[in-house]
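Novice: Pasting in a structure now, in structure tokens, and then I'll have a few things to ask.
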Amino acid sequence: MSELAERIKACAEGDRAALRAIMDTEGSRLLGIAIRMLRRRDLAEDAVQECFVSLWRKAHQFDAKRGAARGWLTTILRNQCLTMLRKESWEIAEDAETLERRQDEDIVMDAYGRLDANSDLRRCLDRLEPPKRIAILQAYVLGYTHGEISGRIQAPLGSVKAWVRRGLIALRECLS
């Protein structure tokens, strides 16, 4: 069991020091992910805080047999960011120049390019067909929904859903 998994288990038992240790070791990484997804630091900080609140409340639900602790924690954050993006009470304001400069493909390929060439994740992503790989990366790097991906890459919604589903199954098998 990883150190992070042990700390999550300790959180489930009410150990506040374990939560603090997780915050210290994973906080900056999670903040970086949230900033990329939400494009606003203030909202990203709120998302990370809510992620840690959820971690504290749901630590008992973590099962190391079902997946890695880091992946579980990142999924909590991702879901929190997606919830915030779907709220209608605020908008992420950007000027026209920023919108023009921000190309989805560039962002996704930059994130993909930063993966270590020898990492298992990179190796497994390389095995996927390009549409599956792009759909999965847009979902996880940019936080896009199936519908948003469909609109951005001009593909049928059903195809995008299938690509993501089949791609994740292939990744899971490859990483096992």
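The values are calculated or read from the model by the stated rules, or taken from the named source; none is laboratory data. Being a predicted model, the structure only gives us computed values, none of them experimental. Please note that ligands, DNA and RNA were not included when accessible areas were found on the heavy atoms of the full protein model with its side chains. Shrake-Rupley method; radii C 1.70, N 1.55, O 1.52, S 1.80 Å.
Novice: Among the residues of segment 114-136, what is the count of those that are assigned to a helix (DSSP H, G or I) and open to solvent by less than 20 Å² (accessible area, probe 1.4 Å)? It would help to see each step written out before you state the result.
Specialist: To start, the set of residues in segment 114-136 that are assigned to a helix (DSSP H, G or I) comprises 120-127, 130-136.
Filter once more, so that each one left must be open to solvent by less than 20 Å² (accessible area, probe 1.4 Å): 124-125, 135-136.
Residues in segment 114-136 being assigned to a helix (DSSP H, G or I) and open to solvent by less than 20 Å² (accessible area, probe 1.4 Å): 4 in total.
Novice: Filter segment 1-34 down to residues that are of a type in the set (Val, Ile, Thr) and under 25 Å from ALA111 (Cα atoms) and give me whichever is least open to solvent (accessible area, probe 1.4 Å). Show your work before the answer.
Specialist: Within segment 1-34, the subset of a type in the set (Val, Ile, Thr) is 8, 22, 25, 33.
Within this subset, residues satisfying the condition of being under 25 Å from ALA111 (Cα atoms) are 22, 25, 33.
On the way: ILE22: 0, THR25: 73, ILE33: 27 Å².
Top of the filtered list is ILE22.
Novice: Sticking with this structure for a sec: Which of the residues that make up segment 52-71 are assigned to a helix (DSSP H, G or I), more than 16 Å from GLU13 (Cα to Cα) and not small (Gly, Ala, Ser)?
Specialist: Listed by number, the list holds a single entry, ARG70.
Novice: Would you confirm, using the coordinates I've provided, whether ALA135 is of a type in the set (A, V, I, L, M, F, W, C) and over 18 Å from the mean Cα position of the chain (by Cα)? Give the derivation first.
Specialist: Values: of a type in the set (A, V, I, L, M, F, W, C): yes; over 18 Å from the mean Cα position of the chain (by Cα): no.
The answer is no for ALA135.
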